[in-house]
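Accompanying notes for the structure given below.
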Amino acid sequence: MKALSVLGSTGSIGTQTLEIVTEFPERFRVVALTAGRNLELLAEQVKRHDPEVVALADPELLPALRDQLAATAPACQAQLLAGAEGLAAAAAWPTADLVVTGIVGCAGLLPTLAAIEAGKDLALANKETLIAAGPVVLPALQRSGSRLLPADSEHSAIFQCLQGTPWPETARLSTGRPTPGLRRLQLTASGGAFRDWPAADLARATVADAIRHPNWSMGRKITVDSATLMNKGLEVIEAHYLFGLDYDDLEIVIHPQSIIHSMVELADTSVLAQLGWPDMKLPILYCLSWPERLPTPWPRLDLAQVGRLEFRRPDQQKYPCMALAYAAGRAGGTMPAVLNAANEEAVALFLDERIHFLDIPRLIERVCDRHRDDLRADPGLDEVLAVDAWARRAVREAAAMVAS
Ligand code: NDP
């Protein structure tokens, strides 16, 4: 029986993780849950999974959570915690074997580090943590021996293709070629909500348009990231940190059907791919069950039903966020943290309808340019947190100027 700490239990990744726990009660149990503001759903989850600890991001919501639990889960014995320390305690909870990181954004960084320092294995969905703080997270993993299992579907596909090769179980810091014979990774992208829109129409894209993803059901932030293709750019940086390849060997290919979840090219030109329906439960389950595979009753892939698998190169003009992400990744150091924070802030402003869709890449580019002279090549945690805060402020200031 594997004991899970589920960070961000009320989100898309968190709820799908708990669905898996419900489906496999003999394999998994929940010992810790954390959430942001959705107290009603959190209380339902407490009632069903009976965790040992529950943590909220905002301490001011604790009284409301107590009321909600009294109404929904009166038998709840869980310890209730809150704030940064509470999230960190839930992430490092002594009885947890595996921590699922489903918090959105850089807010996941400190709880993830707490889990690593406690030696926990991680199912990493919260890619922003690795992108912002790769130079901090990877040495911490090496020190603690925690294993980082990728939950992102593309990285899970790569990880699955590499099973059986002499592959280290933990993430690597090296940016050299990690495995002899591994030449290139191809990350597939659905193309997001605007895949079939002419570039000229993007100027009138609304929030409702951007959060309508053609293939995947996900949280709002990552769905907008898919529409700008920043999500794929962030995944390229994530792949660089996880698998150690140079940026020249990390490619993006548009694959509208989202059936091939990514591909690995070996030195002899052989290509391995992992296929499945676009459903995050599969990569999440693989993290939870690894190195085993559990039989499921889920719908089996039917390629005749799919009919066609198509591929095309992404349009760099239409999706400038991709080039911004590659540039930030290549610059390294604190630049990916600036890119990530600028993107989080710009997407939040877009979701609040305070900027236009096309302002997202403009603001990110402006803020990354401003950071160029201040870049730190090998930052510590404090420097990462400082540039994250600076980039958010810089985006808000620049957005205010755009709006005025
Ligand atoms: P959601 O927005 O659906 O959920 C986010 C979760 O984080 C919620 O539980 C939310 O709580 C909580 N949360 C929000 N802000 C904070 C905060 N400041 N402190 C602590 N907790 C907070 O996001 P997703 O599940 O879509 O994404 C989660 C992560 O997984 C992201 O990093 C994303 O990139 C990654 N990912 C997601 C995929 C997907 O299919 N959804 C696929 C691959 C990666 P509440 O709702 O209670 O406010």
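The values are calculated or read from the model by the stated rules, or taken from the named source; none is laboratory data. Quantities reported herein were computed from a predicted structural model and do not represent experimental measurements. Here the Cβ is made from the backbone with ideal geometry for all residues, glycine too, and neighbour counts use every protein chain on show. With ligands, DNA and RNA removed, areas are computed over all heavy atoms of the protein, side chains included. Shrake-Rupley method; radii C 1.70, N 1.55, O 1.52, S 1.80 Å.
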Computed on Cα atoms only, the convex hull of the range 310-393 has an orientation-averaged projected area in nm² of 6.5
With R₀ set to 35 angstrom, the calculated FRET efficiency between the beta-carbons of Met401 and Thr15, to the nearest 0.05, is 0.35
Per the 1/(1 + (r/R0)^6) rule, R0 = 60 Å and r from the Cβ atoms of Arg370 and Asp268, FRET efficiency to 0.05 is 0.85
Counting only protein heavy atoms and rolling a 1.4 Å probe, one gets per residue an accessible area for the chain in Å² of 42
Among beta bridges assigned by DSSP with both residues in the chain, the antiparallel ones amount in percent, to the nearest 5, to 25
Here the FRET efficiency for Glu26 versus Arg312, based on Cβ atoms and R0 = 41 Å and rounded to 0.05, is 0.40
Other residues with Cβ under 12 Å from the Cβ of Ala64 give, with Lys and Arg +1 and Asp and Glu -1, a net charge of -2
Connecting every pair of Cα atoms under 10 Å apart in the chain and solving the GNM, the largest mean-square fluctuation among Glu128, Glu345, Glu23 falls on Glu23
Both in Å, the radius of gyration and Dmax of the C-alpha trace of the range 245-331 are 16.1, 45
So the pair-distance distribution of the range 232-286, from every Cα-Cα distance in 10 Å bins, comes to percents of 19, 50, 30, 1
Compactness summary of the chain: radius of gyration and Dmax from Cα atoms, Å, are 20.4, 62
Simple SL model, points at 7 angstrom along Cα→Cβ for Glu292 and Leu381; separation in nm is 3.4
Burial-style ranking of 232-239, 117-124, average other-beta-carbon count within 10 Å with highest first, yields 232-239, 117-124
Under the 7 Å Cα-to-Cβ spin-label approximation, Gln142 and Ala71 lie apart by a distance in nanometres of 5.1
Log10 I(q)/I(0) at q = 0.24, 0.30 Å⁻¹ for the range 76-130, from Debye over equal alpha-carbon scatterers, is -0.91, -1.26
Candidates Pro214, Pro198, Pro379; GNM for the chain (alpha-carbon contacts under 10 Å) flags as most fluctuating Pro198
Checked against a 24 Å limit on the C-alpha separation, the offending pairs among Lys120/Lys232; Lys47/Lys221; Lys120/Lys281; Lys2/Lys232 are Lys120/Lys232; Lys47/Lys221; Lys2/Lys232
Per the charge dipole of the range 359-404 (beta-carbon charges, Lys/Arg positive, Asp/Glu negative, Cα centre), the residue among Val402, Ala386, Ile364 reaching farthest to the positive end is Val402
With the 8 Å Cα cutoff and a minimum separation of six or more residues, the chain has a relative contact order in percent of 14
Taking protein heavy atoms only, a 1.4 Å probe, and rounding to whole percent, the accessible area of the chain owed to carbon and sulfur comes out at 51
Restricted to the range 177-281, the DSSP antiparallel beta bridge percent, nearest 5, is 65
Rounded to the nearest 500, the 222 nm mean residue ellipticity computed for the chain from DSSP H runs (n ≥ 4, each -39500 (n - 2.57)) alone is -14000 deg cm²/dmol
Taking Cα pairs closer than 8 Å and at least 6 residues apart, the relative contact order of the range 1-139 in percent is 25
Sorted largest first, the C-alpha extents of the range 11-80 along its principal axes in whole angstrom are 34, 25, 16
Output ordering of 381-389, 360-368 (per-residue mean of other Cβ within 10 Å, highest first) is 360-368, 381-389
Simple SL model, points at 7 angstrom along Cα→Cβ for Asn38 and Ala84; separation in nm is 2.6
Comparing Gly329, Gly83, Gly105 in a Gaussian network model of the chain (Cα, 10 Å), the one with the largest mean-square fluctuation is Gly83
